[in-house]
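See below for the structure under consideration.
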Amino acid sequence: PLLLEVQNLAKRYPDGTVAVDGVSFAMRHGESLGLVGESGSGKSTISRLVTRLVDATGGEVIFEGESIGAIPARDFHRAPQRGRVQIVFQDAGESLNPRFSAFDSIADPLRRLSRLHDPVSLRQGVQEAADGVGLPRALLDRYPHQLSGGQRARVGIARAIAVQPRLLVLDEPTAALDVSVQAVVLQLLERLRREKGLSYLFVSHDLNVVRMLCDRLIVLRQGRVVEQGESARVFQAP
Ligand code: ADP
Ligand code: ADP
């Protein structure tokens with residue numbers, strides 16, 4: 001089956017705002033898709049609908065052949081798909097629990113989602129995730145304030161990949177970072193995609209960033225798809 005199918009997705013917030021208005025797209029395994037559009041075009045809402053953090057008001061979300069769109073957001077943490085689709089937010093590195101060491105931050109989803117409790121496997125899982133994002137193991141005992149912005153971003157991404165998701169939803173993951181750190185994180189994401197076969201649904205207002213990582217792009221305006229195609233073609237002068 002396809003990795004992800006989104007069919008006629010719609011979201012109307014309780015105050016009446018229609019954020020997403022009949023959006024459809026599909027992703028194959030290993031493929032990466034960019035969602036671009038101006039602020040307010042519905043990108044964040046789509047990333048939260050696909051990761052089941054908010055409930056849709058219409059349409060379908062099908063993950064690896066199974067409908068997850070109808071699982072209420074409040075129950076999704078118990079669904080078998082929960083660990084297979086992970087989201088990295090803009091402030092992934094900045095919203096780490098200040099009382100958690102890097103080790104504890106990465107171990108947390110392994111405990112809760114992968115039900116990994118045996119200390120040896122847990123340590124192994126944390127170290128693999130740290131290695132995967134290029135975070136030196138010697139830094140695992142540090143707390144967020146003892147790490148640089150780039151190191152914190154790596155911990156945030158390590159948290160998301162530790163449970164070995166198939167799809168990583170990236171919601172403006174570099175927007176809060178310095179330009180130099182941004183480039184490092186983009187290189188890291190590119191490498192994870194190559195080495196681990198991760199697929200990305202990459203949400204960004206920055207077309208150049210998205211182009212670097214994505215095979216295909218979807219352009220949104222006012223909650224609707226207004227253009228889509230291969231990254232190289234979209235927005236190219238005829
Ligand atoms: P983007 O990520 O492209 O900036 P969003 O998905 O955040 O777009 O927002 C799409 C539209 O939905 C905007 O008009 C925004 O104001 C509105 N919106 C987002 N979240 C809410 C909410 N919780 N309640 C009401 N309206 C919202
Ligand atoms: P927090 O980090 O605030 O404790 P959670 O415990 O809910 O957040 O989730 C841990 C991490 O898992 C989040 O930082 C985020 O990356 C990701 N995440 C949270 N909810 C979902 C979801 N429904 N689907 C996919 N990933 C999620």
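What is the number of the single condition among (1) closer than 19 Å to Leu217 by Cα; (2) away from ligand 1 (no atom under 16 Å from the Cβ) that Ser41 does not meet?
(2)
Of all residues in segment 190-238, count the ones that are at positive phi, open to solvent by 100 Å² or more (accessible area, probe 1.4 Å) and of a type outside the set (S, T, N, Q).
Of the residues in segment 190-238, 1 are at positive phi, open to solvent by 100 Å² or more (accessible area, probe 1.4 Å) and of a type outside the set (S, T, N, Q).
Just one of (1) surrounded by fewer than 19 Cβ atoms within 10 Å (Cβ to Cβ); (2) under 25 Å from Ile68 (Cβ atoms) trips up Gln187, so point out which.
(2)
For residues that are assigned to a helix (DSSP H, G or I) and away from ligand 2 (no atom under 16 Å from the Cβ), scanning just segment 89-121, find the one that is nearest to Thr174 (Cα to Cα).
The residue in question is Ser121.
Anything in segment 21-37 that is part of a strand (DSSP E or B) and open to solvent by 10 Å² or more (accessible area, probe 1.4 Å)? List them, or say none.
Of everything in segment 21-37, those that are part of a strand (DSSP E or B) and open to solvent by 10 Å² or more (accessible area, probe 1.4 Å) turn out to be Asp21, Gly22, Ser24, Phe25, Ala26, Gly37.
Where residues in segment 21-62 are within 11 Å of ligand 2 (Cβ to nearest atom) and out of contact with any Pro (no Cβ under 9 Å at 6 or more places or on another chain), which of them is farthest from Glu195 (Cα to Cα)? Before the answer, list the steps.
Let us first name the residues in segment 21-62 that are within 11 Å of ligand 2 (Cβ to nearest atom), namely 47-54.
Filter once more, keeping what is out of contact with any Pro (no Cβ under 9 Å at 6 or more places or on another chain): 47-51, 53-54.
Working: Ser47: 24, Arg48: 26, Leu49: 27, Val50: 24, Thr51: 23, Leu53: 28, Val54: 31 Å.
Only one residue tops the list, namely Val54.
Yes/no matrix, rows are residues, columns are (1) surrounded by 14 or more Cβ atoms within 10 Å (Cβ to Cβ); (2) touching a residue at least 40 places away in the same chain (Cβ under 8 Å); (3) within 23 Å of Arg115 (Cα to Cα); (4) more than 16 Å from the chain's Cα centre (by Cα):
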{"residue": "Ser39", "(1), (2), (3), (4)": "no, yes, no, yes"}
{"residue": "Lys43", "(1), (2), (3), (4)": "yes, yes, no, no"}
{"residue": "Glu66", "(1), (2), (3), (4)": "no, no, yes, yes"}
{"residue": "Gly93", "(1), (2), (3), (4)": "yes, yes, no, no"}
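Condition check ((1) without any contact (Cβ under 8 Å) to a residue 40 or more places away in the chain; (2) within 16 Å of ligand 1 (Cβ to nearest atom); (3) closer than 20 Å to Phe25 by Cβ) across all residues:
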residue	(1), (2), (3)
Asp171	no, yes, yes
Ala183	yes, no, no
Gln187	yes, no, no
Lys196	no, no, no
Ser204	no, yes, yes
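Just for segment 1-32: of the residues that are in contact (Cβ under 8 Å) with a residue 60 or more places away in the chain and polar (S, T, N, Q), which one is nearest to Val61 (Cα to Cα)?
Checked segment 1-32; the qualifying residue nearest to Val61 (Cα to Cα) is Ser24.
Based on this model, can you work out whether Leu122 counts as open to solvent by less than 30 Å² (accessible area, probe 1.4 Å), of a type in the set (A, V, I, L, M) and over 16 Å from Val88 (Cβ atoms)?
It is true that Leu122 is open to solvent by less than 30 Å² (accessible area, probe 1.4 Å), of a type in the set (A, V, I, L, M) and over 16 Å from Val88 (Cβ atoms).
Pull up segment 135-152, narrow it to residues that are at pLDDT 90 or above and of a type in the set (Gly, Ala, Ser), then point me to the one that is most open to solvent (accessible area, probe 1.4 Å).
Top of the filtered list is Ala138.
Just to be sure before I move on: is Ala158 within 20 Å of Ala102 (Cβ to Cβ) and open to solvent by less than 10 Å² (accessible area, probe 1.4 Å) in the structure I sent?
Yes; evaluated as a whole, the condition is true for this residue.
Quick one: which residue in Arg159, Arg137 is among the basic types (Lys, Arg) and within 13 Å of the chain's Cα centre (by Cα)?
Details: Arg137 fails: within 13 Å of the chain's Cα centre (by Cα).
That would be Arg159, the only listed residue that is among the basic types (Lys, Arg) and within 13 Å of the chain's Cα centre (by Cα).
The values are calculated or read from the model by the stated rules, or taken from the named source; none is laboratory data. No experiment lies behind these values; they were computed from the predicted model shown. Note that we place each Cβ from the backbone using ideal geometry, even for glycine, and neighbour counts take in every protein chain shown. Note: accessible area is taken over every heavy atom of the protein model, side chains too, but ligands, DNA and RNA are not part of it. Shrake-Rupley method; radii C 1.70, N 1.55, O 1.52, S 1.80 Å.
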